[in-house]
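Please read the structure below before turning to the comments.
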Amino acid sequence: MILRKVWGSVWSRSSSGKDSASHSAIQVPLSSSSSSSLGAFDHLPMDILIQILMLVEPRDAVKLSLTCKAWRCLAGGNRLWIFYLQCSQESWDSIFFAETSLRSGYPLRMLSSQSGELSFMRIYGQRARVPGSIIIDGGSGYCKFGWSKYASPSGRSATFLEFGNIESPIYARLQQFFSTIFTRMQVKPSMQPIVVSLPLCHFDDTESAKASRRQLKTAILNVLFDMNVPAVCAVNQAVLALYAARRTSGIVVNIGFQVITILPILHGKVMRQIGVEIIGFGALKLTGFLKEKMQENNITFQSLYTVRTLKENLCYVALDYKAELSRDTQASMKIAGEGWFTLSKERFQTGEILFQPRLAGLRAMSLHQAVALCMDHCDAAGVTGDDSWFKTVVLAGGSSCLPGLAERLEKELHDHLPSYICNGVRVIPPPCGVDSAWHGAKLISNLSTFPGPWCITRKQFRRKSRLMW
């Protein structure tokens, strides 16, 4: 009905040649008075008109914008199309972060919605046309994979099982890994782009470590392009976890399967020259420690999978370890096929080894010491005039989801860092749980500019490889 009314008023205006815009409630600075009129809607306040337009479908708003310049200014304005984007499946905060921070690809270039660079009407249309892609996040312990248009990964499996024989060549292992995923998803590799996370390894800034990282990335691209994938986007796993937290700079603490890595990241780039800190134990040790505590208390179980399930569901990190020792912390859980399990002090003693490794007989840096050291290196490096970039700490990895970990780490950092560094320090829990890196890849996959600036095509890769050789 609104469309018919608009077309009718535009037709009447063009036929009669009357100027009805002289007393308009909406001032649109256009040269032609006929094109600056909204016809029968001239006397309605702007807010009322926007509310009416919010009731129509986006495709109808596009039709309205084609009638004349006045309707183009109103129906094509950012306010209306931001509303439409807010009604989509993704959160508006994530969409806004992605479109203002990631749309230009790497190196990142921040855009402002107020600068006139962004038209959310255009962004809405481009996002609707973005092809679906497959996201593969091969974590150190578990792999998550699924379609970029889905709310969460459609499948997950143990990474080390998918790689096959550890002694076989890397190409063969990667080929088996990707083939298994494509088979499980029942897709043809040639039909859509792939977004893959690059594993956290070879952490140093040495030439040898750089060559190893380059070799692994090249092997991944070679395998995928040999499987006829049209385009590939490969991004560091920690960077993706940071994007999921809607940040482009900060420190990512990744509790991996075997080790914990603390990576400083500035504008989407891992600052290895500043220093990546490594703690020589990870999630597997936490599970093993809980297993030992259960055995000490004569709690029987069938497999390590049972222990891991109890860790994920019952364990937490105490804000004050000594005070927690005197509290009643008993809790129970039923596991199918095994019955009920009851844990007490083991619930918080497991996570405590992150802050007191000696409790597990480990000679290693504590988590807060390693993060504090990384912050000290970032402050000493002085790479920017503003030291706030490294004061946001984002947790990643399955075991980083332990309740209370973010609060405890933030408390320890404030207690151990000098005041000029610790002011403004904030620790953010995994923004999307165990799937944070996958969701960071999803932000890239659904960008209005994807796959353009983020992907490399088979032709580009082959040409680049020839130039390197």
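The values are calculated or read from the model by the stated rules, or taken from the named source; none is laboratory data. Bear in mind that the values here come from a model prediction, so they are computed numbers and not experimental data. Neighbour counts are summed over all protein chains in view; Cβ atoms, including those assigned to glycine, are modelled from backbone coordinates with ideal geometry. The accessibility values were calculated without ligands, DNA or RNA, using every heavy atom of the protein model including side chains. Shrake-Rupley method; radii C 1.70, N 1.55, O 1.52, S 1.80 Å.
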message = Helix-only estimate, please: 222 nm mean residue ellipticity of the chain, summing -39500 (n - 2.57) across DSSP H runs of length 4 or more and dividing by its residues, to the nearest 500.
response = -13000 deg cm²/dmol
The chain: translational diffusion in µm²/s, Stokes-Einstein, Kirkwood Rh over Cα pairs, 4 °C, 1.567 mPa s = 51 µm²/s
ask   = Taking the Cα centre of each part, how many Å lie between the stretch 354-379 and the stretch 273-294?
value = 11 Å
remark   = tail above 17 Å in the computed P(r) of the stretch 283-360, as % of all Cα-Cα pairs, reads 39 percent
note = The relative contact order of the stretch 43-104, taking Cα pairs under 8 Å that sit 6 or more residues apart, comes to a percentage of 24 percent
note = Pseudo-spin-label distance HIS202 to TYR305, built 7 Å along Cα→Cβ, given in nm, is 3.4 nm
message = Report for the chain the percent antiparallel among DSSP-assigned beta bridges with both residues inside it, nearest 5.
response = 65 percent
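Could you size up the charge dipole of the stretch 283-360 around its Cα centre, putting +1 on the beta carbon of Lys and Arg and -1 on that of Asp and Glu, and report it in debye to the nearest 20?
Magnitude of the dipole: close to 120 debye.
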ask   = So which GluC sites (Glu not before Pro) in the stretch 313-368 end up in coil per DSSP with only 16 or fewer other C-beta atoms within 10 Å?
value = GLU338
task = Please go through the stretch 124-161 and write out the chymotrypsin sites (Phe, Trp or Tyr not before Pro) that DSSP classes as loop and that have at most 16 other C-beta atoms within 10 Å.
result = TYR150
message = If I ignore ligands, DNA and RNA and count only protein heavy atoms, how much of THR67 is accessible to a 1.4 Å probe, in Å² to the nearest 10?
response = 20 Å²
query = By the scheme Lys and Arg +1, Asp and Glu -1, what is the net charge of all other residues having a beta-carbon under 13 Å from that of GLU117?
reply = +2
Value of relative contact order over the chain, rounded to a whole percent, pairs C-alpha under 8 Å and six or more apart = 16 percent
Inter-label distance for SER119 and ASP328, nm, one decimal - labels placed 7 Å from Cα along Cα-to-Cβ = 6.7 nm
